[in-house]
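See structure below.
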Amino acid sequence: MSRPLLLKLLCLLSGLMMPAVSFAADIDGSTLSLGWGIPFVGILLSIALCPLLIPTIWHHHFGKITALWSALFLIPFTITFGMDTSIGLVTHAILAEYIPFIILLFALFTVSGGILVKGNLHGSPKLNTALLAIGAILASLMGTTGAAMLLIRPLIRANDNRKHQVHVIIFFIFLVANIGGGLTPLGDPPLFIGFLKGVDFFWTAKHMLLPVVISTLVLLTLFYVVDSYYYKREDEIEAHDPTPDSKLRLYGKFNFILLLAVVGSVLLSGFWKSGVEFSILGVHMELQNIIRDILLLVIAALSMILTAKQVRSVNQFSWEPILEVGKLFAGIFITIGPVLAILRAGQDGHMAGLVAMVSDSEGAPINAMYFWLSGALSGFLDNAPTYLVFFNLAAGDAATLMGPLQQTLLAISMGSVFMGALTYIGNAPNFMVKSIATQSGIAMPSFFGYMKWSFGILVPLFLILTVIFFLI
């Protein structure tokens, strides 16, 4: 790793140790106006719209734009509530939530970036369906970002002699970049947020298994039908194959062992209750969680040391995606604090209308509404903070949500993970996959063109899931 890049990463990690935000118990959400949520919404809208409207400015200055929104929240918040309250609010989120969140993504991103698949296969419907199925499985083991980055280029090479490739990439986004990651907290950021809030690792695997399997099988079957239709057309196959078929070779295989080590580290923190706590800037940190984060950083370092530089070079590995995620989510975790406080206030807060939409007259949750509202916001904003918002809206307590409100937690988990596939901006890998496909010469549809595919295919599927899991 070059010295300037190392310095950048060290600066980022040291920045994570400074105060940032989530929810402070001593802030009365019933006294907060919705105006305190404007910077949070501003960041999410910036993420959604700036890459489309001002791509060059956003690419070079997204960190500054995020910092500006954060400052627009922190300065008036500190003036209104005092320095101690502001620091306490910020510190809790960085130490208890943001650092573990970004360290896991960093480890998965680094390790998966050290695995290279070289060679080429013939992009037939059977092969393409098999690759999508493999990707969907890997997504829960190495994260949607890791699985998507590992397989998207081999998939593009396999189909580069075909005229119709867009549908292949779109179904790849559906399955590998989103729905496939629904089985474990490693798979998708929203589920890891839930894990950090106390949701059991295997609760997710157990309760999300059937929805993920049903969705995956339906989409794989539909993809095979669509891909077979295009493949059988006489003018589908180009006479010249830019990348002739060749034997597949796997490089950086040691990183698969490191992926298992990542899983083991996360499981360790879930099962081992040390009983030892440290208070850092007023935030209680459990020993097992600190050790987990240290292990993940060591695993990432081992991947960098043990993986040949040529592997990452051929993989076109770059630190830019994780740096972008780190900066953007720092701002999100800073500005989401008052939103969570208002939601915690329930009927006494200024989001009483939203609370009413997901609850019946007796205050019981309407799980179908939790599924669709958490999903709709995940599709058009970002699924990790959306999960956190609805997690707090439902109860904010993992034990309650895994117990009497387990269907509500399932609705939030399904909505946040599955409906992140509705737009390019619903989940981080979506836009990354789209960009790689575009760079490879595939004429990917526009933002709204993609939505024609996603709404036409996914919305009927989600309606079926609603009936199966929340209405019957």
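Filter the range 115-137 down to the residues that are among the β-branched types (Val, Ile, Thr) and either over 26 Å from residue 211 (Cβ atoms) or not in a helix (DSSP H, G or I) (or both), then identify the one that is modelled with the lowest pLDDT. Show your work before the answer.
Kept after step one, since they are among the β-branched types (Val, Ile, Thr), are these residues of the range 115-137: 115, 117, 129, 134, 137.
Those still in the list that are either over 26 Å from residue 211 (Cβ atoms) or not in a helix (DSSP H, G or I) (or both) too: 115, 117.
On the way: 115: 88, 117: 79.
Among those that are among the β-branched types (Val, Ile, Thr) and either over 26 Å from residue 211 (Cβ atoms) or not in a helix (DSSP H, G or I) (or both), it is 117.
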Expected output for the range 364-383 (first residue aliphatic (A, V, I, L, M), partner surrounded by fewer than 22 Cβ atoms within 10 Å (Cβ to Cβ) and part of a helix (DSSP H, G or I), Cβ below 6 Å, 6+ apart or cross-chain) is 368/466; 368/470; 369/357
Single unsatisfied condition, residue 21 versus (1) buried (at least 16 other Cβ atoms within 10 Å of the Cβ); (2) at pLDDT 75 or above; (3) among the β-branched types (Val, Ile, Thr): (2)
Qualifying residue in the range 161-171 (condition: open to solvent by less than 10 Å² (accessible area, probe 1.4 Å) and either within 14 Å of the chain's Cα centre (by Cα) or free of Cβ contacts under 8 Å to residues at least 40 places away in the same chain (or both)): no
In the range 251-275, how many residues are open to solvent by less than 60 Å² (accessible area, probe 1.4 Å) and more than 30 Å from residue 117 (Cβ to Cβ)? 3
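Considering only residues that are more than 20 Å from residue 427 (Cβ to Cβ) and of a type outside the set (Lys, Arg), look in the range 173-206 and name the one that is most open to solvent (accessible area, probe 1.4 Å). It would help to see each step written out before you state the result.
Kept after step one, since they are more than 20 Å from residue 427 (Cβ to Cβ), are these residues of the range 173-206: 198, 200-203, 206.
Filter once more, keeping what is of a type outside the set (Lys, Arg): 198, 200-203.
On the way: 198: 41, 200: 63, 201: 16, 202: 100, 203: 21 Å².
Residue satisfying both the conditions and the ranking: 202.
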Helices (runs of 4 or more DSSP H) fully within the range 54-114 counting 1 or more residues that are within 16 Å of residue 297 (Cβ to Cβ): 99-112
Modelled with pLDDT of 85 or more, crowded, with 24+ Cβ neighbours inside 10 Å and touching a helix residue (DSSP H, G or I) at 6+ places or on another chain (Cβ under 8 Å), is that true of residue 106? no
Could you give every pair whose Cβ atoms fall below 9 Å, whose first residue belongs to the range 31-57 and is modelled with pLDDT of 90 or more and open to solvent by 20 Å² or more (accessible area, probe 1.4 Å), and whose second residue is part of a helix (DSSP H, G or I) and of a type in the set (Gly, Ala, Ser), counting only separations of at least 6 or pairs across chains? 36/337; 36/341
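In the range 313-359, which helices (runs of 4 or more DSSP H) lie fully inside it and hold 1 or more residues that are under 27 Å from residue 51 (Cα atoms) and open to solvent by less than 20 Å² (accessible area, probe 1.4 Å)? Explain how you work it out, then say what you get.
Details: elements: 320-335, 337-344, 352-357.
By residue number, 320-335, 337-344.
Within the range 431-460, count every residue that is hydroxyl-bearing (Ser, Thr, Tyr), closer than 23 Å to residue 151 by Cβ and open to solvent by 30 Å² or more (accessible area, probe 1.4 Å). Steps first, answer last, please.
Taking the range 431-460 and keeping what is hydroxyl-bearing (Ser, Thr, Tyr), we get 435, 438, 440, 446, 450, 454.
With closer than 23 Å to residue 151 by Cβ added as a condition, the list becomes 435, 438, 440, 450, 454.
Still in the list and also open to solvent by 30 Å² or more (accessible area, probe 1.4 Å): 435, 438, 440.
The total comes to 3.
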Being part of a helix (DSSP H, G or I), open to solvent by 60 Å² or more (accessible area, probe 1.4 Å) and aromatic (Phe, Trp, Tyr) is the requirement here; does residue 278 meet it? no
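Go over the candidates 149, 142 one by one and state the one that is of a type in the set (A, V, I, L, M, F, W, C) and open to solvent by 10 Å² or more (accessible area, probe 1.4 Å). Give the steps one after another, and end with the answer.
Working: 142 fails: open to solvent by 10 Å² or more (accessible area, probe 1.4 Å).
Step by step, each of 149, 142 is checked, and only 149 is of a type in the set (A, V, I, L, M, F, W, C) and open to solvent by 10 Å² or more (accessible area, probe 1.4 Å).
Given the criteria touching a residue at least 60 places away in the same chain (Cβ under 8 Å), closer than 22 Å to residue 186 by Cα and open to solvent by 50 Å² or more (accessible area, probe 1.4 Å), does residue 428 qualify? Spell out the reasoning first.
On the way: touching a residue at least 60 places away in the same chain (Cβ under 8 Å): yes; closer than 22 Å to residue 186 by Cα: yes; open to solvent by 50 Å² or more (accessible area, probe 1.4 Å): no.
Taking the combined requirement at face value, the residue does not satisfy it.
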Checked the range 58-94 for anything loosely packed, with under 13 Cβ neighbours inside 10 Å and either of a type in the set (Ser, Thr, Tyr) or touching a helix residue (DSSP H, G or I) at 6+ places or on another chain (Cβ under 7 Å) (or both); matches are 80
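Of the residues that make up the range 386-395, is at least one touching a Ser or Thr at 6+ places or on another chain (Cβ under 6 Å), surrounded by 24 or more Cβ atoms within 10 Å (Cβ to Cβ), closer than 27 Å to residue 322 by Cα and not polar (S, T, N, Q)?
Within the range 386-395, the first condition is being touching a Ser or Thr at 6+ places or on another chain (Cβ under 6 Å), and the residues that meet it are 386-387, 390, 394.
Filter once more, keeping what is surrounded by 24 or more Cβ atoms within 10 Å (Cβ to Cβ): 386-387, 390.
Going one step further and asking which of them are closer than 27 Å to residue 322 by Cα, we end up with 386-387, 390.
Those left that are additionally not polar (S, T, N, Q): 387, 390.
The answer is yes, given that some residue of the range 386-395 is touching a Ser or Thr at 6+ places or on another chain (Cβ under 6 Å), surrounded by 24 or more Cβ atoms within 10 Å (Cβ to Cβ), closer than 27 Å to residue 322 by Cα and not polar (S, T, N, Q).
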The range 196-217, residues that are touching a helix residue (DSSP H, G or I) at 6+ places or on another chain (Cβ under 6 Å), in a helix (DSSP H, G or I) and among the hydrophobic types (A, V, I, L, M, F, W, C): 196, 201, 203, 208, 212
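The values are calculated or read from the model by the stated rules, or taken from the named source; none is laboratory data. Not measured: the values here are computed from a predicted model. Neighbour counts are summed over all protein chains in view; Cβ atoms, including those assigned to glycine, are modelled from backbone coordinates with ideal geometry. Ligands, DNA and RNA are excluded from the accessible area calculation, which covers all protein heavy atoms including side chains. Shrake-Rupley method; radii C 1.70, N 1.55, O 1.52, S 1.80 Å.
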